[in-house]
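Taking it in order: structure first as structure tokens, then the write-up.
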Amino acid sequence: MQRYFLSKLGQSILLLFGVLLLVFFMVRVTGDPASLMISREASPEAVEAFREKMGFNDPILTQFGRFLSGAVVGDFGNSLHFKSPAMQMVMERVPATVQLAGTALLMAAVVGIPLGLIGGFNPGSAMDNLGRGLALLGQSIPNFWLALILILIFAVRLGWFPSFGRDEWKSVVMPAFVLGLPTMGQIVRLTRSTVLEIRGEDFIRTAHSKGLEPRTIYVKHVLRNVAIPLVSVIGVQFGYMLGGSIYIETIFSWPGMGQLVEQSVGWRDFPLVQAVAFFVSLVVLLLNLLTDVAYAIIDPRIRYGK
Amino acid sequence: MSPEELRDVRGGQIGFVFQDPMSSLNPILTIGEQISETLTRHLDMSKEQAKERTLKLLAQVGIPDPKLRYKNYPFEFSGGMRQRVMIAIAIACTPEIVIADEPTTALDVTVQAQIVDLFRRLREMLGVAVIWITHDLGVVAGVAERVLVMYGGRPAEIALVDDLYERPQHPYTLGLLGALPSLESTESKRLVSIRGTPPDLLIPLKNCPFAWRCDYAFDRCWEEIPPLIAVGVRHQAACFYDMEKGGPRDG
């Protein structure tokens, strides 16, 4: 268990370094920040002075070294646009994004897992067909389109929910629904197919041959085995939601990290982009690590390194 | 029988050993848990009592160091050991019957012999009847008292084991025994096989299911399905042809 955890941890750290490398270089091929930050009328001397001040004229490796030593302590410099520390700006956006992603995942799991279980235990039933229909819709509707339709109906026509911002509890409902829907679909399908698969396993036949009550068999023998793939998908999806809700946050003007990404990329605000990218990667890697640990707790084959 | 009654019989009065021990145990539950859950289900035992009895069962089926093995998972066991665990589950509640469905097919030969021995020992010790389903006529000769030969989903012949091997009364049994390779023969020759293929059971039978493949089939075999007919002491065969007389059976 300890060795398993340490090797996963080592992998994460390596990955994180790779992310830093990518973030640093990729941002620098998109354009010259100096020409963007300074007005068009500025003299070439002023632009040059700005470059010098920001250190953009130093050799790229020196810049990278500076970037790394700052990144280790969470210092990504000041935002070019807002002049305040970039990491601090990211941190201010974290609660909103966590609230959105958490609500979305909760909605997806609370609806998706029971639907998948019902479908898996009663394939072909009315509830199964409903669940599969919802899953198909959830996974195939483009969510930027769905977001606009929802705003049109529930915000503009009916006025039940606000169309943007994060001022009241109702604000989170529509963006979380849109963000969680594809995951809900995936959870339904995965749960359903895993239940069906596990129910057909030889060891379930063995459990029946022991004369166990169906409920015991479902809970003890089927569900624990279903939890294994489910845990990993939920972990991956949550990471994806935390980092990937850029256009949903933008459409609903949700003041989270996704919106910050959209804005900082538009301004070519290097320190800010780097800080967000680094932070999101860190969160995703931590989530993966957590998923791996949960995995090992459920599955002894992983725990004992087989 | 209602599903509830059936569940009492399963595991309680009838134990079951399946063919493939690699997939017949739940990979994420301990061996001990998988044996003792039968005990708590049928014998009204507390967890502690069940554990104590499970340790005894593990020793009984020849698993060394039961205390340590109790906490192990199936992936830490070899195929033969897993089959021993399956047997422990089957005999846990001292059932009257154990049904073993090709319990040695998935094992290699040396382990097969150990498992057959274990079954024989447990049968003597616990006085449990074993129904052994198999294709392996060698194992049958070593383990069985009475043999029921099935063909096309119907009983073809029932006999005490020695009687069956000495004077098979059904052409199918004869064919099976003829297909066995012999250790004594020195010349190389092709093994005898039964020509043709088994009937399609989706089409309702109107005659003897073996008639298509039978060297002895005559008119009557194509007209009706033969019932089991007494052909000797505790010996019945579902065949209209009398092997010993060399012609149709009387009546």
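The values are calculated or read from the model by the stated rules, or taken from the named source; none is laboratory data. Values in this document were obtained by computation on a predicted structure and should not be read as measured data. Cβ: placed from backbone, ideal geometry, glycine included. Neighbour counts: every protein chain shown.
Results for (1) of a type in the set (D, E, K, R); (2) out of contact with any Pro (no Cβ under 9 Å at 6 or more places or on another chain); (3) buried (at least 18 other Cβ atoms within 10 Å of the Cβ); (4) modelled with pLDDT of 85 or more, shown as yes or no for each residue.
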{"site": "A:GLN2", "(1), (2), (3), (4)": "no, yes, no, no"}
{"site": "A:PHE25", "(1), (2), (3), (4)": "no, yes, no, no"}
{"site": "A:SER35", "(1), (2), (3), (4)": "no, yes, no, no"}
{"site": "A:SER43", "(1), (2), (3), (4)": "no, yes, no, no"}
{"site": "A:PRO59", "(1), (2), (3), (4)": "no, yes, no, no"}
{"site": "A:GLY77", "(1), (2), (3), (4)": "no, no, yes, no"}
{"site": "A:PRO95", "(1), (2), (3), (4)": "no, yes, no, yes"}
{"site": "A:ALA101", "(1), (2), (3), (4)": "no, yes, yes, yes"}
{"site": "A:ALA109", "(1), (2), (3), (4)": "no, yes, yes, yes"}
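Determine if region A:182-194 includes at least one residue that is modelled with pLDDT of 90 or more, part of a helix (DSSP H, G or I) and within 14 Å of chain B (Cβ to nearest Cβ). Yes, that holds for at least one residue. When region B:212-232 is filtered for residues that are in a loop (DSSP other than H, G, I, E, B), over 16 Å from B:MET150 (Cα atoms) and in contact with a strand residue (DSSP E or B) (Cβ under 8 Å, 6 or more places away or on another chain), the ones remaining, listed by number, are B:TYR216, B:ALA217, B:PHE218. Kindly indicate the residue of region B:1-24 that is crowded, with 24+ Cβ neighbours inside 10 Å and under 14 Å from A:GLU201 (Cβ atoms) and also nearest to the chain's Cα centre (by Cα) among those meeting that condition. Among them, the one singled out is B:PRO21.
For B:GLU76, the conditions (1) over 15 Å from A:LYS210 (Cα atoms); (2) without any contact (Cβ under 8 Å) to a residue 24 or more places away in the chain; (3) among the acidic types (Asp, Glu); (4) more than 10 Å from chain A (Cβ to nearest Cβ) all hold with the exception of (4).
Screening A:VAL280, A:VAL276, A:VAL265, A:VAL231 for residues that are on the phi < 0 side of the Ramachandran plot, within 14 Å of chain B (Cβ to nearest Cβ) and either hydroxyl-bearing (Ser, Thr, Tyr) or within 26 Å of the chain's Cα centre (by Cα) (or both) leaves exactly one candidate, A:VAL231. You will find that of B:PRO209, B:PRO181, B:PRO198, the residue that is in a loop (DSSP other than H, G, I, E, B) and free of Cβ contacts under 8 Å to residues at least 24 places away in the same chain is B:PRO181 and no other. Of all residues in region B:193-217, those satisfying the criterion of being surrounded by 13 or more Cβ atoms within 10 Å (Cβ to Cβ) and among the hydrophobic types (A, V, I, L, M, F, W, C) are B:ILE194, B:LEU205, B:CYS208, B:PHE210, B:ALA211, B:TRP212, B:CYS214, B:ALA217. For region B:97-132, filtered to residues that are out of contact with any helix residue (DSSP H, G or I) (no Cβ under 9 Å at 6 or more places or on another chain) and within 14 Å of another protein chain (Cβ to nearest Cβ), the residue that is surrounded by the most Cβ atoms within 10 Å (Cβ to Cβ) is B:GLU102.
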